[in-house]
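For reference, the structure is listed below as structure tokens.
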Amino acid sequence: MSWPGLIDYYRERLPVRDLAAVTLHEGNTPLVEVPRLAARLGVEARVYVKYEGLNPTCSFKDRGMTMAITMAVAEGASAVICASTGNTSASAAAYAARAGLACFVIIPDGNIALGKLSQAVMHGAKVLAIQGNFDDAYRMVMGVAERRRVTVVNSINPYRLQGQKTASFEICDTLGRAPDYHVLPVGNAGNITAYWMGYTEYFESGVTASKPRMMGFQAAGAAPIVLGHVVENPETIATAIRIGNPVSWKKAEAARDESGGIIDMVTDAEIMEAYKLLAASEGVFAEPASAASIAGLKKLTDAGRIETGSTVVCTLTGHGLKDPNNAIKSCPEPVRVPAELDRVLAVMGI
Ligand SMILES: *Cc1c(COP(=O)(O)O)cnc(C)c1O
């Protein structure tokens with residue numbers, strides 16, 4: 001039987017009763033062991049990446065969106081709305097199309113990766129690009145929701161986190177245990193909250209015998225949780241985590257503290273180095289925000305924080321093709337050669 005999507009697979013652990021799922025068969029993403037990358041980082045642990053870029057719209061947002069849209073349909077909604085740095089809008093637009101709902105997305109003008117924008121428009125969402133950042137877009141969404149009957153599908157929607165927690169279930173089901181460390185990027189902090197919820201549920205129902213330490217990483221120019229205050233003008237190349245006032249701030253701190261983990265930050269230079277290293281050493285292509293987890297693992301390793309022999313999972317939140325401009329910019333250009341064999345061989349240098 002083919003994978004039915006995460007709602008049908010984990011239905012008894014989700015608050016959906018017997019509702020028909022709005023699904024694009026999201027979830028069941030590969031957990032890829034990355035020994036070459038681990039060696040390059042100098043970490044003597046078993047390192048895996050949870051490759052969430054292989055979801056239907058190429059980010060983990062689909063896990064939450066299948067739940068949010070399924071519930072919106074059940075509640076009789078006719079339209080959904082979200083603010084987004086890109087991936088939420090791509091996912092909301094796709095699942096709304098699947099369900100026959102109207103979709104409105106509010107994005108920060110000019111700060112959204114090309115692949116994500118192309119998805120939102122192709123799936124027929126009404127896209128409003130505002131002159132402001134994500135936090136401004138989010139304020140607009142909450143204002144609209146007060147005045148009009150639209151369902152907000154940002155992660156304030158509790159069903160989003162319910163869907164997202166299934167990534168933890170999949171990791172434990174695949175490994176046969178919980179990892180020792182879970183490393184992931186932190187933007188609005190919904191995902192770290194959801195993973196912790198999933199690990200805790202499996203632990204409390206006796207499926208697993210332990211829980212991981214949650215190790216979250218913000219971008220240095222957008223690190224409100226690390227700094228302990230709102231960042232008015234967040235800046236980072238990793239646009240998916242360019243957030244100055246995270247919606248799930250308190251819950252993320254709880255996940256950090258209950259798990260004995262940390263929330264730290266990595267610079268854009270560290271993110272870009274990890275971004276290229278992952279793609280070149282393992283054949284796994286993730287967008288810059290995702291690489292914050294790899295940069296974070298490097299930082300932890302350099303600080304001697306990862307014990308030899310431990311099991312580490314890093315979430316790669318979105319696919320590298322979401323943001324082709326950053327990829328092209330960060331690598332040498334193709335060498336232009338005439339169509340002559342001798343010239344080709346000379347350039348190849350082998
Ligand atoms: C949404 C997103 C994040 C941040 O997740 P939060 O739940 O907001 O912390 C990180 N990376 C990518 C690619 C995303 O789309």
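Each residue of region 73-82 in order: what ³J(HN,Hα) in whole Hz does its phi give by Karplus 6.51 cos²θ - 1.76 cosθ + 1.60, θ = phi - 60°, with x for Gly and Pro?
Taking θ as phi minus 60°, the curve returns 4, 4, 8, x, 5, 10, 8, 10, 9, 8 Hz for region 73-82.
What is the magnitude of the charge dipole of region 50-129 about its Cα centre, with +1 placed on the Cβ of each Lys and Arg, -1 on the Cβ of each Asp and Glu, and no other charges, expressed in debye to the nearest 20?
Its charge dipole is roughly 100 debye.
Check the straight Cα-Cα distances from Lys165 and name the lysines below 18 Å, setting aside those fewer than 8 residues away within the same chain.
Correct list for Lys165: Lys50, Lys61, Lys211, Lys250, Lys251.
Among Gly296, Gly124, Gly228, which one shows the biggest mean-square fluctuation in a GNM of the chain, springs joining Cα atoms closer than 10 Å?
Gly228
For region 22-35, what does the Karplus curve 6.51 cos²θ - 1.76 cosθ + 1.60, with θ = phi - 60°, yield as ³J(HN,Hα) per residue in whole Hz, taken in order and with x for Gly and Pro?
Residue by residue, region 22-35 yields 8, 9, 10, 6, 5, x, 6, 7, x, 9, 9, 6, 10, x Hz.
Grab the Cα-Cα distance for Glu33 and Val337, subtract it from 0.36 nm times how many residues apart they are, and report the gain in nm with one decimal.
On the way: separation 304, 0.36 × 304 = 109.44 nm, distance 3.74 nm.
Result: 105.7 nm gained on full extension.
Tell me, what is the FRET efficiency for Met348 and Leu19 to the nearest 0.05, using R0 = 56 angstrom and their Cβ-Cβ distance as r? Could you put the intermediate results ahead of the total?
On the way: r = 57 Å, r/R0 = 1.03.
FRET efficiency, Met348 to Leu19: 0.45.
Show the residues, 5+ positions off or on another chain, whose built amide H is closer than 5 Å to the amide H of Ala220.
Val266, Thr267, Asp268
To the nearest 0.05, what FRET efficiency results for Ala280 and Glu75 with a Förster distance of 41 Å applied to their C-beta separation?
Result of the calculation: an efficiency of 0.35.
In nanometres, what is the gap between the two model label sites at Met142 and Lys126, each 7 Å from Cα along Cα-to-Cβ?
About 2.3 nm separates the two model spin labels.
For the chain, modelled as a GNM with alpha-carbon contacts under 10 angstrom, which of Pro185, Pro288, Pro212 fluctuates the most?
Pro212
With each run of n ≥ 4 DSSP H residues scored as -39500 (n - 2.57), what mean residue ellipticity at 222 nm is computed for the chain after dividing by its residue count and rounding to the nearest 500 deg cm²/dmol?
Working: 15 runs with 153 residues, N = 350.
That calculation yields -13000 deg cm²/dmol at 222 nm.
With every atom except the alpha carbons ignored, what do you get for Rg and Dmax of the chain, in angstroms?
Answer for the chain, Rg first and Dmax second: 20.1, 69 Å.
Could you work out Rg/(2.2 N^0.38 Å) for region 1-62, with Rg from alpha carbons only? Spell out each step's value before the answer.
On the way: Rg = 15.6 Å, N = 62, 2.2 N^0.38 = 10.6 Å.
The reported ratio for this selection is 1.47.
Hey, got a sec? Which GluC sites (Glu not before Pro) in region 196-251 land in a DSSP loop and have at most 13 other Cβ atoms within 10 Å? Each step should come with its number before you reach the end.
Working: sites: Glu201, Glu204, Glu232, Glu235; in loops: Glu232, Glu235.
Those that pass, being in a loop and sparsely packed, are Glu232.
Which one, Ala129, Ile271, Ile192, projects farthest toward the positive side of the charge dipole computed for the chain from Cβ point charges (K/R +1, D/E -1)?
Ala129
Provide the three semi-axes, in whole Å and in decreasing order, of the ellipsoid equivalent to region 176-266 as defined by the square roots of 5 times the Cα gyration tensor eigenvalues.
Values: eigenvalues 137, 25, 20 Å².
Largest first, region 176-266 gives 26, 11, 10 Å.
Can you give the extra length, in nm with one decimal, that the chain gains between Met1 and Ala269 once fully stretched, where that is 0.36 nm per residue apart less the Cα-Cα distance?
Working: separation 268, 0.36 × 268 = 96.48 nm, distance 4.42 nm.
Length gained between Met1 and Ala269: 92.1 nm.
Dividing the alpha-carbon radius of gyration of region 249-350 by 2.2 N^0.38 Å (N being the number of residues), what value is obtained? Mind showing how you got there, number by number?
Working: Rg = 18.8 Å, N = 102, 2.2 N^0.38 = 12.8 Å.
Against the empirical 2.2 N^0.38 Å value, I get 1.47 for region 249-350.
Explain nothing, just the number: dipole magnitude of the chain about its Cα centre with +1 on each Lys and Arg Cβ and -1 on each Asp and Glu Cβ, in debye rounded to the nearest 20. Don't skip to the answer; put the middle values down first.
On the way: 33 positive and 35 negative charges, 111 e Å.
So the magnitude is around 540 debye.
Once the Cβ-Cβ distance between Glu204 and Arg149 is put in as r, and R0 is 35 Å, what FRET efficiency do you end up with, to the nearest 0.05?
Values: r = 37 Å, r/R0 = 1.06.
Computed FRET efficiency for Glu204 and Arg149: 0.40.
Springs between alpha-carbon atoms under 10 Å, Gaussian network over the chain: tell me which of Cys103, Cys172, Cys58 tops the mean-square fluctuations.
Result: Cys172 has the largest fluctuation of those listed.
Kindly rank 214-220, 92-98, 38-44, 280-286 from highest to lowest mean number of other beta carbons found within 10 Å of each residue. Please list the in-between numbers first.
Working: 214-220: 27.6, 92-98: 25.7, 38-44: 16.6, 280-286: 18.4.
My ranking of the peptides, most packed first, is 214-220, 92-98, 280-286, 38-44.
No value in this document is a laboratory result; all are computed from the given coordinates. Since the model is a prediction, treat every value here as computed from it, not as a measurement. Note: ideal-geometry Cβ built from the backbone for every residue, glycine included; neighbour counts use all protein chains shown.
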